[in-house]
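The values are calculated or read from the model by the stated rules, or taken from the named source; none is laboratory data. All of these numbers come straight from a predicted model, not from anything done at the bench. No Cβ is skipped: glycine too gets one built from the backbone with ideal geometry, and neighbour counts run over all protein chains shown.
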Amino acid sequence: MKSVSAKRLYQYWDDLRGSRPAPERRDIEPAAIKSLLSDVFILEHVSGTNFTYRLAGSSLCASYCRELKGRAFGQFWGERDLEAIDTMMLAIREDAAAAVVGFNGVNARGNRAPFEMLLLPLRYGGEDYPRILGIAVPSDSDYWLGLHPVERHEITSMRLIWPDEQPAFLRHAVNADALLDDDLFGDERAADDLVDGDFGISVRDTNVSETRANARRQAFRVIAGGRTT
């Protein structure tokens, strides 16, 4: 995990969940992460490994030159990457794994912009983890972003973080308060950077299936830039 924004969001999510595999959907407070909201999105489970964008921040939508709400998450991934994406989404929804994905956003002219995406499970409605809190941030300020829409994604790296794991940046004693200070006391941008928010729904929590998770750990390995098997 390289992006400072991704690290901040992960730390916020991790603090909320406590000893649970993932926090509840209602736990998310936009005001606590207001400086991140323009790059934040929430995915909603439809069926199987299919998710759609329930809402998306203004900067993220600008990279695609379109509103993402209601669009299928899988529509931007090429055929060679769909197997890896499906495996990842199943691990997030059923096993409360988090995921970090590096990808190139590609426009119609073939220009590429590197992005880092973080996907974090949320409990909702008594199911497993049918909502996903995410953030996608470009690694560079490519001139064409916002002028020519990102049309497709190409995976460059992928990693799952299981509920009992701790990312390297936390193991190396990064101060949680320092990561979140800018969000709590600094940037005064309004929470409406997150388009069409729907916070405040009550849900219940259940334990993640350790048997399922352990089996998925054995099956999942990542080949950088290619297919996962």
>> If I go through the range 36-63 residue by residue, how many of them are polar (S, T, N, Q) and farther than 23 Å from Val150 by Cα?
In response: 1
> For the range 1-26, what are the residues that are among the acidic types (Asp, Glu) and either modelled with pLDDT under 95 or in contact with a Lys or Arg (Cβ under 8 Å, 6 or more places away or on another chain) (or both)?
Replying inline: Glu24
> Is there any pair linking a residue in the range 14-36 that is without any contact (Cβ under 8 Å) to a residue 24 or more places away in the chain and of a type outside the set (D, E, K, R) to one that is buried (at least 18 other Cβ atoms within 10 Å of the Cβ) and assigned to a loop (DSSP other than H, G, I, E, B), with Cβ under 6 Å and at least six apart or on different chains, and which?
Replying inline: Leu16/Pro23
> How many of the residues making up the range 101-114 are more than 15 Å from the chain's Cα centre (by Cα), surrounded by fewer than 21 Cβ atoms within 10 Å (Cβ to Cβ) and small (Gly, Ala, Ser)?
Replying inline: 3
>> Of everything in the range 115-131, what is in a strand (DSSP E or B) and either of a type in the set (D, E, K, R) or surrounded by fewer than 16 Cβ atoms within 10 Å (Cβ to Cβ) (or both)? Give them in sequence order.
In response: Glu116, Arg123, Arg131
> Can you tell me which residue in the range 61-98 is surrounded by the most Cβ atoms within 10 Å (Cβ to Cβ), limited to those that are under 17 Å from Thr156 (Cα atoms) and of a type in the set (Asp, Glu)?
Replying inline: Asp81
>> Just the residues that are in a helix (DSSP H, G or I) and surrounded by fewer than 18 Cβ atoms within 10 Å (Cβ to Cβ), please, taken from the range 9-26.
In response: Asp15, Arg26
>> Considering only residues that are closer than 19 Å to Pro130 by Cα and under 12 Å from the mean Cα position of the chain (by Cα), which ones fall in the range 28-43?
In response: Val40, Phe41, Ile42, Leu43
>> Among the residues that make up the range 132-142, is at least one of them among the hydrophobic types (A, V, I, L, M, F, W, C), surrounded by fewer than 19 Cβ atoms within 10 Å (Cβ to Cβ) and either at pLDDT 90 or above or assigned to a helix (DSSP H, G or I) (or both)?
In response: no
>> Anything in the range 143-163 that is under 15 Å from the mean Cα position of the chain (by Cα), surrounded by fewer than 17 Cβ atoms within 10 Å (Cβ to Cβ) and not in a strand (DSSP E or B)? List them, or say none.
In response: none
> Which of the residues spanning the range 1-32 are in contact with a strand residue (DSSP E or B) (Cβ under 7 Å, 6 or more places away or on another chain) and more than 19 Å from Ala91 (Cα to Cα)?
Replying inline: Lys2, Ser3, Ser5, Ala6, Leu9, Ile28, Pro30
>> Given the condition at pLDDT 95 or above and in contact with a strand residue (DSSP E or B) (Cβ under 7 Å, 6 or more places away or on another chain), answer yes or no: does some residue in the range 163-175 qualify?
In response: no
>> Being among the aromatic types (Phe, Trp, Tyr) and more than 23 Å from Glu94 (Cβ to Cβ) is the filter here; which residues of the range 106-162 pass it?
In response: Phe115, Tyr143, Trp144
